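These notes concern the structure reproduced below.
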């Protein structure tokens, strides 16, 4: 848990950390679980993912700060037309093997209760993390 009031959630995924890692770094898989129109770019460390949602003309851009297979993926939001409050925040996914598959610890650093989007994002991240888990489980 973070100490800065950023959004956090932990879920158990019936898949390996490698399968969850792939779902976070392969653009086609990101498109699927995040219900995006398209995702292009590179999910490797130093790369960028450009994600188009719905009818948006400009992508949400995630700079990949870290992609250490299969334990951690850290993005930094450099552009977010759909949710401007996200710019400069860092979605962070940490995976660990468990008896049941994988524990996914998620923190969206900078997504704090004082932001206008916090309540909606709280609901949406909960939904999309469940979709991420289901996607990784289907691929396993």
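The values are calculated or read from the model by the stated rules, or taken from the named source; none is laboratory data. Since the structure is predicted, the reported quantities are computational estimates derived from the model, not experimental observations. All Cβ positions, glycine included, derive from the backbone under ideal geometry; neighbour counts span all protein chains shown.
For residues that are assigned to a helix (DSSP H, G or I) and either farther than 25 Å from residue 45 by Cβ or modelled with pLDDT under 95 (or both), tally how many sit in the range 86-120.
Looking only at that region, the number is 3.
Taking the range 86-111 only, how many residues are more than 14 Å from residue 11 (Cβ to Cβ) and more than 16 Å from the chain's Cα centre (by Cα)?
Of the residues in the range 86-111, 2 are more than 14 Å from residue 11 (Cβ to Cβ) and more than 16 Å from the chain's Cα centre (by Cα).
Residues in the range 20-32: is at least one under 15 Å from the mean Cα position of the chain (by Cα), in contact (Cβ under 8 Å) with a residue 40 or more places away in the chain, more than 20 Å from residue 135 (Cβ to Cβ) and outside any strand (DSSP E or B)?
no
Does residue 10 count as assigned to a strand (DSSP E or B), surrounded by fewer than 21 Cβ atoms within 10 Å (Cβ to Cβ), touching a residue at least 60 places away in the same chain (Cβ under 8 Å) and over 12 Å from the mean Cα position of the chain (by Cα)?
On the way: assigned to a strand (DSSP E or B): yes; surrounded by fewer than 21 Cβ atoms within 10 Å (Cβ to Cβ): yes; touching a residue at least 60 places away in the same chain (Cβ under 8 Å): yes; over 12 Å from the mean Cα position of the chain (by Cα): yes.
Considered against the rule, which asks whether it is assigned to a strand (DSSP E or B), surrounded by fewer than 21 Cβ atoms within 10 Å (Cβ to Cβ), touching a residue at least 60 places away in the same chain (Cβ under 8 Å) and over 12 Å from the mean Cα position of the chain (by Cα), residue 10 comes out as yes.
Is it fair to say residue 135 is under 16 Å from the mean Cα position of the chain (by Cα), at pLDDT 95 or above and closer than 14 Å to residue 19 by Cβ?
Against the criterion (under 16 Å from the mean Cα position of the chain (by Cα), at pLDDT 95 or above and closer than 14 Å to residue 19 by Cβ), residue 135 qualifies.
Could you give me the residue pairs with C-beta distances under 6 Å whose first residue belongs to the range 37-64 and is at positive phi and surrounded by fewer than 14 Cβ atoms within 10 Å (Cβ to Cβ), whose second residue is modelled with pLDDT under 95 and in a loop (DSSP other than H, G, I, E, B) wherever it lies, and which are 6+ apart or on separate chains?
none
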